[in-house]
Every structure is written in C-alpha cells, then in structure tokens.
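Take a look at the structure below.
The values are calculated or read from the model by the stated rules, or taken from the named source; none is laboratory data. For clarity, every value in this text was computed on a predicted model and none was experimentally measured. Glycine also receives a Cβ, built like all others from the backbone with ideal geometry; neighbour counts cover every protein chain displayed.
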C-alpha cells in the first residue's frame, strides 16, 4: 500500500460525458501527478500540482483539467469523453522540498480504470 | 529532459541474475536515475534510485558509470513474481514533468 488513494476504482460512462477522478496523496506529500496509461502502453504524464498550484504540464488534452485543493487532494476532470480516453488513470504523490536538492520518489495509487462506451 | 532507451523485453529463468540497461545520453548534472516496477493493472512501484557509482538495497542494485550516460538495474536471483515492466527514469530534483519511457517487459520462466 503506497498510501495514495484513488476513487473510484472503476468507471464506465458514455461518449460525450464528463467524469471526475479523485486522488488523495500520502500524508505530508505536497506534489500530485496525474498519468494516463492506455492498454499495453506506457505511462503518459498529464500534469503536476505542487501545494495547490500547477507546476508542470505534459500531454494533457484541453478537454481535461485538474486542480489541487487546500487539503492537497486532487481531482482530474475529463469532459466530452471519447472512446480513446478509455485507460487507466494513475495519481502519484511525492514530497517536494524546494531548494534542498531533495529528489523525489513518486508513490503511485492503484489507479482508476475508465471505460468509455 | 533526458530521454531514456531500454530494451523492449527480456526473458529469464528463475534463480538467474537479470541486468537491464538503460541509456540516457543527454542526462543533466542535476538529474537522478530512478527505476520503477509495474505489474499489470497496478501503479508503478519505486525500486531504486541513484546519482553515480553503485547503489544497493534489499531488492536490487543500480550501477552507474562515471559518465552517467547509462545505468544498469541488477535483480539478483529473480523469481516468477519479478515478471513485470521495469521503467528507467531520469529526472531533476524537482521531479517535474516526469517522462516514463516504454519500459522493459521482463518475463521470468520456471
């Protein structure tokens, strides 16, 4: 158990719909990362938040958005869903201590499996 | 960001030592090398991390030559349960915009 929780575990929805995935980081971790993994594909970095602010952006579609709340949990919003959005969505967290040279180990949650029909 | 290159797949037998090499020719001075393991339908799990020379923990060793343009993950005496995908990552101290490569799919046979 990594200490990162994600809900829901599974999500089935239809094209054109909108869903929200939720992530709670490990206690004390300030950074949250979101990844997408399609069937038999590698992990695609989507976005990173640090202490409530967007820190880095990867290959995230405009239909997707995320935020990190004051309690540090994060939500990934996926809208106008398409068949190709079906994938495993992982959240990871890490302790980011700026200016100390501490490098970050990311701890991954169990993922949310999204199926768009 | 430094790009990494790993073999797509490797086969081994139980009890053997497995070495997976990762190339990262344009690694930057501040970059660390990290390896993750991923089982099907699970999130990646941290294995080991290093900056230079050799690092060892209870599950693996990481060898990094002086030029740091490559690294080798060594798994001693693998078992069937080590069948997984192994990812090599190179990222800076902020861990920003982490790029996972395609990984190496290790298949351990009895």
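Computed quantities for the displayed model
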{"quantity": "Residue A:88 being over 27 Å from residue B:50 (Cβ atoms), surrounded by 13 or more Cβ atoms within 10 Å (Cβ to Cβ) and within 14 Å of chain B (Cβ to nearest Cβ)", "calculated": "yes"}
{"quantity": "Residue within segment B:15-32 that is assigned to a strand (DSSP E or B), more than 10 Å from chain A (Cβ to nearest Cβ), within 15 Å of residue B:104 (Cα to Cα) and more than 10 Å from the chain's Cα centre (by Cα) present", "calculated": "yes"}
{"quantity": "Test set (1) on the phi < 0 side of the Ramachandran plot; (2) loosely packed, with under 15 Cβ neighbours inside 10 Å; (3) more than 10 Å from chain B (Cβ to nearest Cβ) - residue A:28 fails condition number", "calculated": "(1)"}
{"quantity": "Failed item in (1) surrounded by fewer than 16 Cβ atoms within 10 Å (Cβ to Cβ); (2) at pLDDT below 95, with residue B:31 passing the rest", "calculated": "(1)"}
{"quantity": "From A:83, A:76, residue being more than 14 Å from every other protein chain (Cβ to nearest Cβ) and surrounded by 14 or more Cβ atoms within 10 Å (Cβ to Cβ)", "calculated": "A:76"}
{"quantity": "Residue check, residue A:89 part of a strand (DSSP E or B) and touching a residue at least 60 places away in the same chain (Cβ under 8 Å)", "calculated": "yes"}
{"quantity": "Residue in segment B:57-78 that is part of a strand (DSSP E or B), at pLDDT below 95 and within 14 Å of chain A (Cβ to nearest Cβ) present", "calculated": "no"}
{"quantity": "Within segment A:38-59, tally of residues that are over 11 Å from the mean Cα position of the chain (by Cα) and either crowded, with 18+ Cβ neighbours inside 10 Å or within 13 Å of chain B (Cβ to nearest Cβ) (or both)", "calculated": "15"}
{"quantity": "Count of residues meeting criterion [assigned to a strand (DSSP E or B) and over 14 Å from the mean Cα position of the chain (by Cα)] in segment A:19-37", "calculated": "0"}
{"quantity": "Residue within segment A:1-18 that is modelled with pLDDT of 95 or more, over 23 Å from residue B:102 (Cβ atoms), outside any strand (DSSP E or B) and within 14 Å of another protein chain (Cβ to nearest Cβ) present", "calculated": "yes"}
